[in-house]
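One structure below.
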Amino acid sequence: MPALSLPTFPVDAASLPDFLAERLSRIKYVISDTDNTMVSHGQALASSDGTPSIELAQTLVDLRRAGVQVIPCTGRNRAMAREDVRVLGLGGWIGEMGGVLCLHEGTESDWHYFTAEMPYDEGCGKTPHDVIVETGVVRRMLKRWYDCLETYNDNNIGYQYREVTVALRGAVIEDEAQAMLDETGLPLYLADNGFVGRITGKTILPTFKGGKVEDVHTYHITPRGLNKGSAARRYMELMGWDPAEVLASGDSPADCEMAAEVGTFLLMRNGIDNPKTQAALATAGNAFVSASNSTDGWCQAMRTLLAVKRAS
């Protein structure tokens, strides 16, 4: 597939054509992936290359002062998402690939499970994650790809500390894995949430110096119809937001599902070479690619957005 051709998100607000300046001036909300998008190397105080930097923190402060609300949309579980939001001073979050929607984080948190096409009885005493695991499909997949697939232990606390999805990492034959999910009788889907660059802690996967890995995917077993796009749509419905006032951003094929649901989508430059990302955005008319990778590119784009809003 030829390289994806997208316009670069402008870094000079003064040179924007009027139609684009007007479009960006309307943005009030940013729904953003975290890892390899807002945050690089798992550090909020680092640039894309790992150099210590306060740029992300300052950008988030300036967005908040300008009244622009940032909502992380991540594959992380509740514990990790809540801690990110608490530390960064954000108002809400979307976790587990859209399976948990928190409209307001705080003492009286307002949150909902979202299982899309998968039937779920809230009074069953089990989480949607429990329902999926009890089918035995996770055990079957780990046995089939015994040397190249493992459960993804969020913050090393265990994959079972999830509520809607099941997180895995490694490499599988995806059509075969999907067939296994289909055999459970539940409407399930294998989502690819992009590549893992580094692994800390115990792993069965081959690693190099510093825990670096190659061709390792993050997978999520999700209810069918649940993805970051449908979750963003549901979140906006619950909040009463106009999609034209929302910018979404990310680096993975899973993030690109949001492009069709929002007014503007920002693909991080570090995700542009992924063939699945290219396919997902091939017909998108509202997508841009960041001028730089991950955190640096995200902050540059937000700086442009802020400059446009100040000038309008």
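The values are calculated or read from the model by the stated rules, or taken from the named source; none is laboratory data. Computed from a prediction, not measured in an experiment: that's the story for all the values here. Please note: Cβ atoms are built from the backbone with ideal geometry, for glycine as well, and neighbour counts cover all protein chains shown.
I need the full set of residues from the range 12-33 which are at pLDDT 95 or above and assigned to a loop (DSSP other than H, G, I, E, B), in order please. Within the range 12-33, Arg26, Ile27, Lys28, Asp33 meet the criteria. Among the residues of this structure, Glu96 counts as one that is surrounded by 18 or more Cβ atoms within 10 Å (Cβ to Cβ), of a type in the set (Asp, Glu) and on the phi > 0 side of the Ramachandran plot. Scanning the range 208-229 for residues that are touching a strand residue (DSSP E or B) at 6+ places or on another chain (Cβ under 6 Å), basic (Lys, Arg) and more than 21 Å from Pro275 (Cα to Cα) yields Lys212, Arg224. When the test is whether a residue is among the hydrophobic types (A, V, I, L, M, F, W, C) and within 20 Å of Glu237 (Cα to Cα), Leu63 does not pass it.
The condition (being over 25 Å from Arg198 (Cα atoms) and either modelled with pLDDT of 95 or more or not aliphatic (A, V, I, L, M) (or both)) is satisfied by just one residue among Gly225, Gly297: Gly225. How about the range 159-202: which of its residues are of a type in the set (Lys, Arg) and either more than 15 Å from Val133 (Cβ to Cβ) or surrounded by fewer than 19 Cβ atoms within 10 Å (Cβ to Cβ) (or both)? Selection gives Arg169, Arg198, Lys202. Do we have any residue at all in the range 106-116 that's touching a Gly at 6+ places or on another chain (Cβ under 7 Å), aliphatic (A, V, I, L, M) and at pLDDT 95 or above? Yes, because at least one residue in the range 106-116 is touching a Gly at 6+ places or on another chain (Cβ under 7 Å), aliphatic (A, V, I, L, M) and at pLDDT 95 or above.
Taken together, the residues in the range 50-76 that are part of a helix (DSSP H, G or I), over 20 Å from the mean Cα position of the chain (by Cα) and of a type in the set (S, T, N, Q) amount to 1. Tell me, which residue of the range 254-283 that is touching a residue at least 40 places away in the same chain (Cβ under 8 Å) and closer than 22 Å to Pro17 by Cβ is farthest from the chain's Cα centre (by Cα)? Among those that are touching a residue at least 40 places away in the same chain (Cβ under 8 Å) and closer than 22 Å to Pro17 by Cβ, it is Gly263. The strands (runs of 3 or more DSSP E) located wholly in the range 214-302 that include 3 or more residues which are buried (at least 24 other Cβ atoms within 10 Å of the Cβ) occupy 246-250, 264-267. Each residue in the range 77-91 was checked for being surrounded by fewer than 24 Cβ atoms within 10 Å (Cβ to Cβ) and part of a loop (DSSP other than H, G, I, E, B), and 3 pass.
Can you name the residue in the range 58-76 that is surrounded by 15 or more Cβ atoms within 10 Å (Cβ to Cβ) and among the aliphatic types (A, V, I, L, M) and, of all such residues, is nearest to Leu190 (Cα to Cα)? Looking at the filtered set, the residue picked out is Ile71.
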